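Colleague: Here's a structure for you.
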Amino acid sequence: MVVRYFINASDGAAGSVPEKVPDAVTPALDLDVEPGFPDPHREGVFPYGGLAWSQDSATDGRAWAAIGSGKVFDQLNGKQALTVELVLRAQSFSTDAVRPSRLFGLHAYSDLLERIDRFSLVVGGSIPSGRLGAYWNQQTPSEEDDRAGQWVVDLSTRQVVHLVVETSAPEVERVRLYVNGSHVPGEAGVAGVTPPSANEPLSLQANDALVLGNAFAGGASFQGVLHYAAVYDVALDEPRLAAHACALLASDDAPPEG
């Protein structure tokens with residue numbers, strides 16, 4: 001495991017905007033919260049705490065940190081396989097065709113405030129309603145026809161979502177989505193969706209940033225709650241995905257101490 005953000009209900013009063021989102025994996029990459037008042041704010045009670053974005057989507061509130069040359073860069077740069085693990089509920093998204101809402105991702109720094117997604121999960125924009133998209137390994141500004149995958153999924157209720165990337169797999173299996181432990185088939189033959197190349201490695205830079213709930217440049221939030229986020233430097237197999245989903249459906253907060 002590379003990073004893990006529980007976003008516990010015990011971290012502060014409901015409705016308050018936290019200063020940081022702590023990483024449970026040492027050495028920690030804690031995230032700074034850059035508010036787009038009043039979001040993101042704490043919401044929920046144990047065991048379902050989270051960060052909520054309550055305003056219209058496409059605002060600037062986010063939690064983020066530059067990855068530097070630390071563990072995220074060391075463990076993910078050059079990788080051909082990884083897993084993103086999220087617990088979230090999302091009901092409203094950006095309607096800007098070229099700027100979909102970002103739920104979670106690694107993003108490139110840009111002086112021009114361009115949105116360059118090293119990898120991310122995206123909804124809204126030009127993506128049809130009821131679909132979830134993914135970007136992979138973008139080295140130039142992410143366009144609406146650059147997605148690596150697209151799936152039909154309902155995020156309006158709390159769900160455990162796994163995005164598994166394995167570029168050594170057959171083409172149709174290189175980017176896979178699981179919801180509550182069950183595989184969701186990708187939409188084949190969709191315009192603007194191209195799977196990663198065979199054995200394509202992820203290419204990161206030290207000034208890239210890990211971001212919750214938005215793009216690094218802002219303006220790409222969603223309306224909903226992000227309860228939990230983690231990244232693994234391996235492609236988790238289906239038994240592990242099912243076990244993780246079962247545990248996270250029961251509780252997405254860290255066990256209380258004592």
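Colleague: Condition first: modelled with pLDDT of 90 or more, aromatic (F, W, Y) and either in contact with a strand residue (DSSP E or B) (Cβ under 9 Å, 6 or more places away or on another chain) or more than 21 Å from Q138 (Cα to Cα) (or both). Can you find one or more residues in segment 90-97 that meet it?
Modeller: No, segment 90-97 contains no residue that is modelled with pLDDT of 90 or more, aromatic (F, W, Y) and either in contact with a strand residue (DSSP E or B) (Cβ under 9 Å, 6 or more places away or on another chain) or more than 21 Å from Q138 (Cα to Cα) (or both).
Colleague: Also, quick follow-up: I'd like the residue in segment 196-207 that is at pLDDT 95 or above and not small (G, A, S) and, out of all such residues, is surrounded by the fewest Cβ atoms within 10 Å (Cβ to Cβ).
Modeller: Result: N199.
Colleague: Among the listed residues V161, V172, identify the single one that is in contact with a strand residue (DSSP E or B) (Cβ under 6 Å, 6 or more places away or on another chain) and among the β-branched types (V, I, T).
Modeller: Step by step, each of V161, V172 is checked, and only V161 is in contact with a strand residue (DSSP E or B) (Cβ under 6 Å, 6 or more places away or on another chain) and among the β-branched types (V, I, T).
Colleague: List every residue pair whose Cβ atoms lie under 8 Å apart, where the two residues are 6 or more positions apart in sequence or sit on different chains, the first residue falls within segment 36-54 and is within 16 Å of P255 (Cβ to Cβ), and the second residue, located anywhere, is part of a loop (DSSP other than H, G, I, E, B) and charged (D, E, K, R).
Modeller: Here the result reads F46/D253; P47/D252; P47/D253; Y48/R158; Y48/D252; Y48/D253; G49/D252; G49/D253, each pair linking segment 36-54 to a residue that is part of a loop (DSSP other than H, G, I, E, B) and charged (D, E, K, R).
Colleague: With respect to Q139, is the statement that it is within 21 Å of P40 (Cβ to Cβ), touching a Ser or Thr at 6+ places or on another chain (Cβ under 9 Å), surrounded by fewer than 16 Cβ atoms within 10 Å (Cβ to Cβ) and in contact (Cβ under 8 Å) with a residue 60 or more places away in the chain true?
Modeller: no
Colleague: Ok, one more. Hey, among V165, V179, which residue is among the β-branched types (V, I, T) and closer than 24 Å to A198 by Cα?
Modeller: None of the others qualify; the one that does is V165.
Colleague: Does V160 meet the test of being touching a residue at least 60 places away in the same chain (Cβ under 8 Å), under 20 Å from D252 (Cα atoms), among the hydrophobic types (A, V, I, L, M, F, W, C) and in contact with an Asp or Glu (Cβ under 6 Å, 6 or more places away or on another chain)?
Modeller: The answer is no for V160.
Colleague: Please work out which residue is modelled with the highest pLDDT, limiting yourself to segment 142-153 and to residues that are charged (D, E, K, R) and surrounded by fewer than 16 Cβ atoms within 10 Å (Cβ to Cβ).
Modeller: If we take residues in segment 142-153 being charged (D, E, K, R) and surrounded by fewer than 16 Cβ atoms within 10 Å (Cβ to Cβ), then E143 is modelled with the highest pLDDT.
Colleague: Is at least one residue of segment 60-68 surrounded by fewer than 23 Cβ atoms within 10 Å (Cβ to Cβ) and farther than 24 Å from V2 by Cβ?
Modeller: yes
Colleague: In segment 3-21, is there at least one residue being closer than 15 Å to V87 by Cβ, among the charged types (D, E, K, R), at pLDDT 95 or above and out of contact with any helix residue (DSSP H, G or I) (no Cβ under 9 Å at 6 or more places or on another chain)?
Modeller: yes
Colleague: Looking only at segment 154-189, count every residue that is crowded, with 17+ Cβ neighbours inside 10 Å and over 15 Å from D237 (Cα atoms) and tell me the total.
Modeller: Summing the residues that are crowded, with 17+ Cβ neighbours inside 10 Å and over 15 Å from D237 (Cα atoms) in segment 154-189 gives 5.
Colleague: Next question, about the same structure. Output the number of the condition that E43 fails; it satisfies all remaining conditions of (1) touching a strand residue (DSSP E or B) at 6+ places or on another chain (Cβ under 8 Å); (2) closer than 30 Å to D237 by Cβ.
Modeller: Checking E43 against (1) touching a strand residue (DSSP E or B) at 6+ places or on another chain (Cβ under 8 Å); (2) closer than 30 Å to D237 by Cβ, the one that fails is (2).
Colleague: Further question on the same structure: List the strands (runs of 3 or more DSSP E) inside segment 9-78, counting only whole elements, that have at least 3 residues being over 30 Å from S197 (Cα atoms).
Modeller: In segment 9-78, the matching strands (runs of 3 or more DSSP E) lie at 31-34, 41-43, 50-53.
Colleague: Restricting the search to segment 208-258, which residues are buried (at least 24 other Cβ atoms within 10 Å of the Cβ), under 23 Å from T26 (Cα atoms) and modelled with pLDDT under 95?
Modeller: The one that is buried (at least 24 other Cβ atoms within 10 Å of the Cβ), under 23 Å from T26 (Cα atoms) and modelled with pLDDT under 95: G213.
The values are calculated or read from the model by the stated rules, or taken from the named source; none is laboratory data. Bear in mind the structure is a predicted one, so any value in this text is a computation, not a measurement. Here Cβ is always computed from backbone atoms with ideal geometry, including for glycine, and neighbour counts include all displayed protein chains.
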